[in-house]
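Trainee: Questions regarding the structure given below will be posed in turn.
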Amino acid sequence: MMTQTIPKPPDGISTSLVTARGLTKSFGEGNARISVLKGVDLDVFMGEVLLLVGPSGSGKTTLLSVIAGILDADEGELSILEQSITNFSAAAKTQFRRDYLSFVFQQYNLLPTLTAAENAAVPLFIRGVPKKMALETAAEILAELGMGERLQSLPSKLSGGEQQRVAIARALVGDPRLLLCDEPTASLDGETGHKVVEQLQHIGKRSNRAVIIVTHDSRIFEFGDRIVHMEDGQIDQVQHVNGEPT
Amino acid sequence: MNFVALKMLFGDRAKYLMLLAGLTFSTMLIVQQGSIFWGLMMYSQSGISNINAPVWVTDPNINQVDEVKPLADTAVTVVRSVPGVEWAVPLYKGVQRARLADGNYQQISLVGLDTATLLGRPHTVFEGAIEELRSPDTVVLDQWAVERLGGPDVIKLGTVFEINDRKARVVGIADTQKSFQNIPFVYTTYERALSYSPPERRKLSYVIAKPIPGVSPESLARRIEAETALGAYTDEEFSWKTIRWVLKNTGIGVNFGTTVLLGFIVGMAISGQTFYLFTVENLKQFGALKAIGASTGMLARMILLQSFLVGFIGYGMGVGLATIFGLTAASNEQLPFVETWPLLGGVFVALLGICSLSSAISIRKLAKLEPAIVFRG
Ligand SMILES: Nc1ncnc2c1ncn2[C@@H]1O[C@H](COP(=O)(O)OP(=O)(O)OP(=O)(O)O)[C@@H](O)[C@H]1O
Ligand SMILES: [Mg+2]
């Protein structure tokens, strides 16, 4: 087991929850080989909501996948909660995801035969939480996201935005230390988008957690603490939301 | 996660029914073909099963029951002198010609039972009585004789026909196992059977015997072989010998065996294929679970649960349908159909093998799957 006690950050000092150094990733072979991440350095601090922006194809999803441990970087160092993920076995990574991470990707990948509540409860089922209790927790979170009426619906009966909220509920239900979201408001109207981001922010604001949100949606920029800009596989600009670029 | 696995399996009705239909069909196909094959094999040893004797004494070079190699008359006495024999009686067995009132000829399998004891007689007599054979010119025939010699209106108690120009009067109708060529059985006494058949130098077809209590048929057969120059088999051994001979020396073994084997291969291929498709189609869902943090072991348990469950259900339904088919076929006696435990067990094991194999392939795929793939837009 790798559950160690994570040292609490001293008040007022930002402690890194994610530390990435020199991450590279390329796809394909020979001539078709493309470099997608070209040496990414990034710190994500505890208690912050970090927005990741940049043009299409700049490598945002790829970076998020590497941080989530569902894609291996070619080179570089990645540590999360002071554990060096780079050296983890596949099984250890899976267990780490189960215990500390969750994500909402552009593909929701809801299980088509499970209801909204069951889908949202999946991370708890995986952890062995009893079915009834897991479904209750999932129902509460879905209700907070305005999905209280659709608990028993199958994904095929839900709109794109509703499916997205189920995926978000599924990411929130396990109370993760690090939450990764890829365009979480893409299919939502302004009001619902607001609700969703408030929920995400609620997690991020807690002192020993963090949220990374990939977004094009300028409406939610105000919810972030920092905005990190990616361009062609590298981070070229970091901006404090209430301050000047660094 | 078991309930998630079950919902994945049963939730998609169309996919589930396809999968179940594939497994049910292939199980049914194999069980049905195998049972018909075995039914045919049972036909081939009806010459043994229709005579109730635990031990058969034969010519030492006998091949199979229908290829009679007559023994010297002294064989009965010789066998009686072997220790452990409770009884040993002569048996006549031969194919003869019956002539019906309408002038038609029909082959019959004539069985002559020991006149005094009628040992070896059929278990079940539908009508009349076997003891009536003690009256002159009498025979007991079987349900196939009724069918083949003109139907129940023509062949009934009291009907008189001829066997090789000698009179035969029906005094009983017995239940027998149908024979391979559907030649009906006609039982009479040993002496009368000899008088029905053309004169030959040797007349004694077989000696049938029973061991005293405490001696097994096997040990009696071995003892007779050791102490006489005769061949001796238990009824089961003789049946197997006959079946092996039929398999080896007639086209049935190769022809029908090929059909059964093809049925088996096709059935297993269908099962394997449907299973494989099912799991591959679900790979994305399993990949998502893996990304969320389900371990490979947990996913493997889910896949195994799904495949074995649907495997069991498909097996049960397939065997059920095949059995219903068999009962229907057997009730109109159109087809031989003998379902045996080794066949059912073999199909079960094969199906488990297929389930395990396709699960193993999926689990391997899943173990190697980079979960990021399933989250790409
Ligand atoms: N598995 C893969 N195989 C090959 N190429 C890939 C793979 N994943 C990503 N790429 C390529 O890497 C580049 C960056 O992709 P990525 O999805 O990270 O971009 P993005 O910044 O998330 O874009 P968007 O804003 O459109 O979502 C793209 O050119 C994409 O085609
Ligand atoms: Mg993307």
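Bear in mind these aren't lab numbers, they're just calculated from the coordinates by the rules spelled out. Just so you know, these numbers come straight off a predicted model, no measurement behind them. Cβ sites come from the backbone with ideal geometry, for glycine too, and all protein chains shown count toward neighbours.
Trainee: Could you tell me the extents of chain B's C-alpha atoms along the three principal axes, largest first, rounded to whole Å?
Mentor: 93, 51, 34
Trainee: I've got another one for you. Tell me, A:Lys25, B:Lys7 in order of fewest to most beta-carbon neighbours within 10 Å?
Mentor: B:Lys7, A:Lys25
Trainee: Could you work out how far the C-alpha centroid of segment B:101-167 sits from that of segment A:131-147, in angstrom?
Mentor: Cα centres, segment B:101-167 to segment A:131-147: 81 Å.
Trainee: Tell me whether segment B:72-229 comes out rounded, prolate or oblate; compute the Cα gyration tensor, take square roots of the eigenvalues as a ≥ b ≥ c, and use a/c under 1.5 as the rounded threshold.
Mentor: Here segment B:72-229 falls in the prolate category.
Trainee: Okay, next question. At a 10 Å Cβ-Cβ cut-off, how would you order A:Lys195, B:Lys210, fewest neighbours first?
Mentor: By the 10 Å Cβ count, ascending: A:Lys195, B:Lys210.
Trainee: Step by step: find N for the protein assembly as shown, compute 2.2 N^0.38 Å, then divide the Cα radius of gyration by it. What's the final number?
Mentor: 1.59
Trainee: To continue, here is another question. Putting +1 on Lys and Arg Cβ atoms and -1 on Asp and Glu Cβ atoms, find which of A:Ser218, A:Leu145, A:Val228 reaches farthest to the positive end of the dipole of segment A:16-240.
Mentor: A:Leu145
Trainee: What does the charge dipole of segment A:194-246 about its Cα centre add up to, to the nearest 20 debye, if the Cβ of each Lys and Arg holds +1 and the Cβ of each Asp and Glu holds -1?
Mentor: Using only the charged Cβ atoms, the result is roughly 440 debye.
Trainee: Can you give the Rg/Rh ratio of segment B:254-314, where Rg is from the C-alpha atoms and Rh is the Kirkwood radius?
Mentor: 1.20
Trainee: If you wrap a convex hull around the alpha carbons of segment B:167-305, what volume per residue comes out, as a whole number of Å³?
Mentor: 278
Trainee: While we're on this one: Give the percent of DSSP beta bridges with both residues in the protein assembly as shown that are antiparallel, rounded to the nearest 5.
Mentor: Of all bridge pairs located within the protein assembly as shown, approximately 65 percent are antiparallel.
Trainee: Another question about this same structure. Which far-off residues, 5 or more places away or on another chain, put their amide H under 5 Å from the one on A:Leu17, with H placed in the peptide plane?
Mentor: Those qualifying (amide H under 5 Å, at least 5 residues apart or on another chain) are A:Val44, A:Phe45, A:Met46.
Trainee: Express in whole angstrom the spacing between the alpha-carbon centres of segment B:325-377 and segment A:162-223.
Mentor: Using only Cα atoms to place each centre, the spacing works out to 45 Å.
Trainee: Next question. By the scheme Lys and Arg +1, Asp and Glu -1, what is the net charge of all other residues having a beta-carbon under 13 Å from that of B:Leu283?
Mentor: +3
Trainee: Further question on the same structure: Quick one: work out the % antiparallel among DSSP beta bridges in segment B:72-229, nearest 5.
Mentor: Roughly 70 percent of the DSSP beta bridges within segment B:72-229 come out antiparallel.
Trainee: Still on this structure, please answer the following. Which whole-Hz ³J(HN,Hα) couplings does segment B:285-300 yield from phi under the Karplus relation 6.51 cos²θ - 1.76 cosθ + 1.60, θ = phi - 60°, glycine and proline marked x?
Mentor: Per residue, the Karplus-derived 3J(HN,Hα) values read 5, 5, x, 5, 4, 5, 4, 6, x, 6, 6, 4, x, 5, 5, 4 Hz.
Trainee: Something else about it: For peptide A:107-118, what's the mean number of Cβ atoms from other chains within 10 Å of each residue's Cβ?
Mentor: For peptide A:107-118, the averaged partner shielding equals 5.
Trainee: What is the magnitude of the charge dipole of segment A:16-240 about its Cα centre, with +1 placed on the Cβ of each Lys and Arg, -1 on the Cβ of each Asp and Glu, and no other charges, expressed in debye to the nearest 20?
Mentor: 640
Trainee: If you don't mind, another one. Pop a pseudo-label 7 angstrom from the Cα along the beta-carbon direction at both B:Glu147 and B:Val254 and give the gap in nm to one decimal.
Mentor: In this crude label model, B:Glu147 to B:Val254 measures out at 2.9 nm.
Trainee: While we're looking at this one, here's another question. In this model, which of A:Lys25/B:Lys15; A:Lys25/A:Lys131; A:Lys38/B:Lys290 are farther than 32 Å apart at the alpha-carbon?
Mentor: From A:Lys25/B:Lys15; A:Lys25/A:Lys131; A:Lys38/B:Lys290, over 32 Å: A:Lys25/B:Lys15; A:Lys25/A:Lys131.
Trainee: About its Cα centre, how strong a charge dipole does the protein assembly as shown have in debye, to the nearest 20, once Lys and Arg get +1 and Asp and Glu get -1 at the Cβ?
Mentor: Dipole about the Cα centre, nearest 20: 940 debye.
Trainee: Rounded, prolate or oblate: which one fits segment A:1-154, using the alpha carbon gyration tensor with axes a ≥ b ≥ c (rounded when a/c is under 1.5, else prolate when a/b beats b/c, else oblate)?
Mentor: Here segment A:1-154 falls in the prolate category.
Trainee: In sequence order, what are the phi-derived ³J(HN,Hα) couplings for segment B:39-56 according to the Karplus relation 6.51 cos²θ - 1.76 cosθ + 1.60 with θ = phi - 60°, rounded to whole Hz, with x for glycine and proline?
Mentor: My calculation for segment B:39-56 gives x, 4, 5, 5, 4, 5, 10, 5, x, 8, 5, 7, 10, 8, 9, x, 10, 10 Hz in order.
Trainee: Further question: For B:Trp87, what residues show an amide H to amide H distance below 5 Å, using hydrogens built from the backbone and excluding near sequence neighbours?
Mentor: For B:Trp87, the qualifying residues are B:Lys210.
Trainee: I'd like to know which of B:Gln107, B:Leu119, B:Gly34 lies farthest towards the positive end of the charge dipole of segment B:1-151, counting +1 on Cβ of Lys and Arg and -1 on Cβ of Asp and Glu.
Mentor: Value: B:Gly34.
Trainee: Would you grab the residues whose amide H sits under 5 Å from the one on B:Thr115? Only those 5+ places off in sequence or on another chain, please, with H modelled 1.01 Å from N.
Mentor: B:Tyr190, B:Glu191
Trainee: Under a plain spin-label model, where a point goes 7 Å from the Cα along Cα-to-Cβ, how far apart in nm are B:Ala72 and B:Asn104?
Mentor: For the pair B:Ala72/B:Asn104, the computed spacing is 4.5 nm.
Trainee: Rounded to whole Å, give me the distance from the Cα center of segment A:10-85 to that of segment B:245-310.
Mentor: Cα centroid to Cα centroid, the span is 42 Å.
Trainee: Now a separate question. Return A:Asp225, B:Asp142 ranked ascending by Cβ neighbour count within 10 Å, so the fewest neighbours appear first.
Mentor: In order of increasing Cβ crowding within 10 Å: A:Asp225, B:Asp142.
Trainee: Would you mind classifying segment A:149-188 by shape? Square roots of the alpha carbon gyration tensor eigenvalues, ordered a ≥ b ≥ c; an a/c under 1.5 is rounded, otherwise it is prolate if a/b is larger than b/c and oblate if not.
Mentor: oblate
Trainee: Write down the Å³ per residue value for the convex hull defined by the alpha carbon atoms of segment A:189-246.
Mentor: That works out to 97 Å³ per residue.
Trainee: Strictly over 23 Å apart at the Cα level, which of A:Lys60/B:Lys365; B:Lys210/B:Lys241; A:Lys132/B:Lys7; B:Lys69/B:Lys167 would you flag in this model?
Mentor: In this structure, A:Lys60/B:Lys365; B:Lys69/B:Lys167 exceed 23 Å between Cα atoms.
Trainee: Of A:Leu50, A:Ile203, A:Leu135, which is farthest towards the positive pole of chain A's charge dipole, taken about the Cα centre with +1 and -1 on the beta-carbons of Lys, Arg and Asp, Glu respectively?
Mentor: A:Leu135
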